[in-house]
Amino acid sequence: MKLLRMKPGHGEIVLAEGDIAVPEQEQELIEAFRRELDAGMWAAVPTQAPSGRREAELVKSFGEVPRDAERVIFFPRAAGGTLPAAR
Amino acid sequence: MGLALATAAVVLVVLLWELARPTLKRWLLRAHELWLARRRAGAPVGYDPGRERRAEQRARALLRSCVTERDWAMYRDLGFLRVWGGLGDRGRGASAAYAYLIYPHKPIVAYVPQTGELLNEYCVAFPDHSKPYGSSRLPDSDDVLAKWMALTADERRLVGEANMHLPGRQVDPDRVRRDIVRLRRWEQELSAGPSAPDAPASRRASWGGWDPDNIRTA
């Protein structure tokens, strides 16, 4: 499983990567997951239905992440309004 | 005689210096201000167009890996994504009562697919307050992906977080109507062609398509 985070000026970065079947690696994933949530990020797991339809699932704890998920994507929480142009 | 001349020369130099000093000071100050203004007008501190371009390329790859090939083709060709609304009694899908258009760094626009009527604008942003490179804006495609994930995962929550306005507040309604027409035409072309999502670039251009290599930097 990979934990990714969207980052301005960079695109996504890999925060942590590991096999959740390995306790030490799972612990590292859990800690990285908590750090991001504490920083105010939203966490989403991209999913694909058997029909081929794709969507995402917002998760609030590591326990909610499907065990077979390949990645969790963190992104800043939504706020009303739009941002001014960068330049 | 020599001493008198030397003294006079020293006095003259000092006098000239005293006279010129205010002008020189003003000139140096003005030059410094001009330099600062030129620096401010140029690239913002920490702004690197190459880095922004690479960031956008990464973001596009991530978006592509999350959405269907058809949705990716839509974004690549038209520059926006359509997401079916899921809160109506008709469910999510082509028969949905409403849909959203997701633009990068612009409000999400809700509309009625059957009539093209515009419903609302939902102003929402995903500011990263850590500002790793001096800006809180995600790359364009990351912004689109964040909206897509939030909408497909918890539409009610995202709509609740957004500022809702009538159409036309920030996005030109005529442009949105044109985009809806472009989308319809694109879908007709897509259903007509056998290998539609990978249709040739020349065909995409006839849709008023988006050049994937001409990436706008945020």
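Could you check region B:114-147 and list, in sequence order, the residues that are basic (Lys, Arg) and either open to solvent by 10 Å² or more (accessible area, probe 1.4 Å) or facing chain A (nearest Cβ under 8 Å) (or both)?
Selection gives B:131, B:137.
Would you check if residue A:22 is of a type in the set (Val, Ile, Thr), free of Cβ contacts under 8 Å to residues at least 60 places away in the same chain and touching a Lys or Arg at 6+ places or on another chain (Cβ under 9 Å)?
no
Would you say residue A:57 is open to solvent by 20 Å² or more (accessible area, probe 1.4 Å), under 25 Å from residue B:143 (Cβ atoms), at pLDDT below 95 and assigned to a strand (DSSP E or B)?
no
In region A:64-85, is there at least one residue being among the polar types (S, T, N, Q), under 20 Å from residue B:155 (Cβ atoms), at the interface with chain B (Cβ under 9 Å from one of its Cβ atoms) and in contact with a Pro (Cβ under 8 Å, 6 or more places away or on another chain)?
yes
Looking at region A:30-54 only, could you name the residues that are within 14 Å of chain B (Cβ to nearest Cβ), exposed (fewer than 14 other Cβ atoms within 10 Å of the Cβ) and not in a strand (DSSP E or B)?
Correct list: A:38, A:40, A:49, A:50, A:51, A:52, A:53.
Hey, any hits in region B:48-63 for a residue that's modelled with pLDDT of 90 or more, more than 19 Å from the chain's Cα centre (by Cα) and within 13 Å of another protein chain (Cβ to nearest Cβ)?
Checking region B:48-63: not a single residue is modelled with pLDDT of 90 or more, more than 19 Å from the chain's Cα centre (by Cα) and within 13 Å of another protein chain (Cβ to nearest Cβ).
Applying the selection to region B:148-202, what residues are exposed (fewer than 15 other Cβ atoms within 10 Å of the Cβ), modelled with pLDDT under 90 and assigned to a helix (DSSP H, G or I)?
Answer for region B:148-202, where residues must be exposed (fewer than 15 other Cβ atoms within 10 Å of the Cβ), modelled with pLDDT under 90 and assigned to a helix (DSSP H, G or I): B:191, B:192, B:198, B:201, B:202.
Inside region A:1-29, can you point out the residues that are open to solvent by 30 Å² or more (accessible area, probe 1.4 Å) and away from chain B (no Cβ under 14 Å)?
Selection gives A:1, A:17, A:19, A:21, A:22, A:23, A:24, A:25, A:26, A:27, A:28.
Which of the following residues is touching a Cys at 6+ places or on another chain (Cβ under 9 Å) and part of a strand (DSSP E or B): A:73, A:13?
On inspection, the qualifying residue turns out to be A:73.
For the condition open to solvent by 60 Å² or more (accessible area, probe 1.4 Å), modelled with pLDDT under 85 and not in a helix (DSSP H, G or I), what is the one hit in B:16, B:87?
From the options B:16, B:87, the qualifying one is B:87.
Any chance region B:104-112 includes a residue that's crowded, with 18+ Cβ neighbours inside 10 Å, in contact with a Pro (Cβ under 7 Å, 6 or more places away or on another chain), farther than 21 Å from residue A:45 by Cβ and more than 13 Å from every other protein chain (Cβ to nearest Cβ)?
No, region B:104-112 contains no residue that is crowded, with 18+ Cβ neighbours inside 10 Å, in contact with a Pro (Cβ under 7 Å, 6 or more places away or on another chain), farther than 21 Å from residue A:45 by Cβ and more than 13 Å from every other protein chain (Cβ to nearest Cβ).
The values are calculated or read from the model by the stated rules, or taken from the named source; none is laboratory data. Computed from a predicted model, the values in this text were never measured in an experiment. Using ideal geometry, Cβ is built from the backbone for each residue, glycine included, and neighbour counts are taken over all protein chains shown. The area values use the complete protein model at the heavy-atom level, side chains included, leaving out ligands, DNA and RNA. Shrake-Rupley method; radii C 1.70, N 1.55, O 1.52, S 1.80 Å.
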